[in-house]
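To start, the structure itself, in C-alpha cells.
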Amino acid sequence: MEKAGGFLKNSEEYLASRLKEYLVAFYKIYAGQTPVDFASMKRYRKLQVPVGFAKCEDLFQDGTKITVRTMEGDVDLVARENIYFMIGIEGEVYPILREKFEKNYIAMFDDYEQVSEYPPTVINKATGKKQSLVRFAKICFAQGEKIIRAKQIDRRTKVFTYWDLEKYFSGRPGDWLAANENDLGDCYIINERIFPKTYELIE
C-alpha cells in the first residue's frame, strides 16, 4: 500500500512539474485583453502583392460549422455571409470579416491562380470534407497603407484571437508577433518565412 501511495505521489509531482514547464514554455496572449507593448515595436508597411479571397457564402450554407486550417493553427467558425477567406502568397488561408476586407482590400475580377503545391482549403466539420477555395477565389490588393507593429518572438507563443478564445495561433521562435497599428487588439502571428515577402520596415 505504501508503494502504491508513493507511486501516486510521485506521479502527481511529475504531472505538476510537466504542467509548470508547459505554462512557462508558452507565452499566451488573448487578443484585446493581454497587455502587450506594441507601441514600442518597429513599424512595417504591407507590400502591394496580389493575394486571393473567397466568400464563405459561395462555399458553405449559413450555419455550417467549419475549420480554417491556418499555418499557425486551426480556427473553428460557423459559416456566415460576412466571412471571407483570404489566401496568402504561399496558399495559406485565414478568415476575415467582410467589413474589414472592404475597408482594407480592393477586389479584382481576375481569377485566383493556385501558387502552392497544396490547394487552399477549408474543412466542413460535419462531413470532414475539405472544400477547395480555388474555384471561387478572386484576386485582391491591399488598399492604402496597412501599417503594423511587429517583432520576432524568441519563445513559443500562443495568440488567442477574436474569432475563438478556445483556439489559438501558434508561433515559434523566429516567427513574428504583429498588430494592426489602428487596432492594437487585433494581434496575430505571421510565419517567419512569409513576413519578409509581405512587409517592409518603415525607416
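So, in segment 93-123, how many residues would count as being of a type outside the set (F, W, Y) and touching an Asp or Glu at 6+ places or on another chain (Cβ under 9 Å)?
Counting residues in segment 93-123 that are of a type outside the set (F, W, Y) and touching an Asp or Glu at 6+ places or on another chain (Cβ under 9 Å) gives 6.
Condition check for A79 on (1) open to solvent by less than 60 Å² (accessible area, probe 1.4 Å); (2) farther than 22 Å from P196 by Cα; (3) touching a residue at least 24 places away in the same chain (Cβ under 8 Å); (4) in contact with a Gly (Cβ under 8 Å, 6 or more places away or on another chain): one failure, at (3). Sub-9 Å Cβ pairs linking a first residue in segment 127-141 that is over 20 Å from D76 (Cα atoms) to a second residue that is open to solvent by 60 Å² or more (accessible area, probe 1.4 Å) and of a type in the set (V, I, T), at least 6 apart or interchain, are C140/I106; F141/I106, ordered by first then second residue. Candidates S116, S132: the one that is under 25 Å from G171 (Cα atoms), open to solvent by 20 Å² or more (accessible area, probe 1.4 Å) and small (G, A, S) is S116. Among residues of segment 118-143 being out of contact with any helix residue (DSSP H, G or I) (no Cβ under 6 Å at 6 or more places or on another chain) and of a type in the set (F, W, Y), the one that is nearest to Q61 (Cα to Cα) is Y118. Restricting segment 170-203 to residues that are in a loop (DSSP other than H, G, I, E, B) and without any contact (Cβ under 8 Å) to a residue 24 or more places away in the chain leaves a set whose member that is nearest to M71 (Cα to Cα) is R172.
For K42, are the conditions met, namely being in contact (Cβ under 8 Å) with a residue 40 or more places away in the chain, open to solvent by 30 Å² or more (accessible area, probe 1.4 Å) and under 20 Å from N124 (Cβ atoms)? Here the answer is no, as K42 does not meet what is asked.
One residue stands out among those in segment 40-89 that are small (G, A, S) and in a strand (DSSP E or B): the one that is nearest to the chain's Cα centre (by Cα), which is G73. There is no residue in segment 144-154 that is over 17 Å from I194 (Cα atoms), under 18 Å from the mean Cα position of the chain (by Cα) and open to solvent by less than 40 Å² (accessible area, probe 1.4 Å).
The values are calculated or read from the model by the stated rules, or taken from the named source; none is laboratory data. Computed from a prediction, not measured in an experiment: that's the story for all the values here. FYI the Cβ positions are ideal-geometry reconstructions off the backbone, even for glycines, and counts take in every protein chain you see. When the accessible area is computed, the model is the full protein with side chains, heavy atoms only, and any ligands, DNA or RNA have been set aside. Shrake-Rupley method; radii C 1.70, N 1.55, O 1.52, S 1.80 Å.
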